[in-house]
Amino acid sequence: MKKIELIGLQTVPEIQAGDGLAQIICDCAKSENVGINEKDIIVLTSKIVSKALGLIRNKADVKVSKKALKISKKPGKTQYGFR
């Protein structure tokens, strides 16, 4: 039988643009006594990767088009895509 184990790291700091995710993940795993072994799969959210790459924008800086506002008024849609 194959075993799957999920381990969430608890000490990952707030990620900033330019941060080295690989080193941060390795350092946190080591400090939490979580071994990273050959063939392990490391999963990151797109949000943490986007932050490290500097691809996050302040919502106040985004100009919402008239078309987007019209779509947000439709049932099941929310303004700016946030619920």
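May I ask you to say which residue of LYS51, LYS73, LYS47 is surrounded by 12 or more Cβ atoms within 10 Å (Cβ to Cβ) and of a type outside the set (S, T, N, Q)? If you could, list the steps in order and put the result at the bottom.
Numbers: LYS73 fails: surrounded by 12 or more Cβ atoms within 10 Å (Cβ to Cβ); LYS47 fails: surrounded by 12 or more Cβ atoms within 10 Å (Cβ to Cβ).
Among LYS51, LYS73, LYS47, only LYS51 is surrounded by 12 or more Cβ atoms within 10 Å (Cβ to Cβ) and of a type outside the set (S, T, N, Q).
Can you pull out every residue in the stretch 54-64 that is modelled with pLDDT of 90 or more and open to solvent by 60 Å² or more (accessible area, probe 1.4 Å)? Steps first, answer last, please.
Residues of the stretch 54-64 modelled with pLDDT of 90 or more: 54-55.
LEU55 - this is the single residue of the stretch 54-64 that is modelled with pLDDT of 90 or more and open to solvent by 60 Å² or more (accessible area, probe 1.4 Å).
The values are calculated or read from the model by the stated rules, or taken from the named source; none is laboratory data. Because the structure is predicted, anything quoted here is derived from the model rather than measured. Reconstructed Cβ throughout: ideal geometry from the backbone, glycine too, with neighbour counts over all protein chains shown. For accessibility, only protein heavy atoms count, side chains too; no ligands or nucleic acids. Shrake-Rupley method; radii C 1.70, N 1.55, O 1.52, S 1.80 Å.
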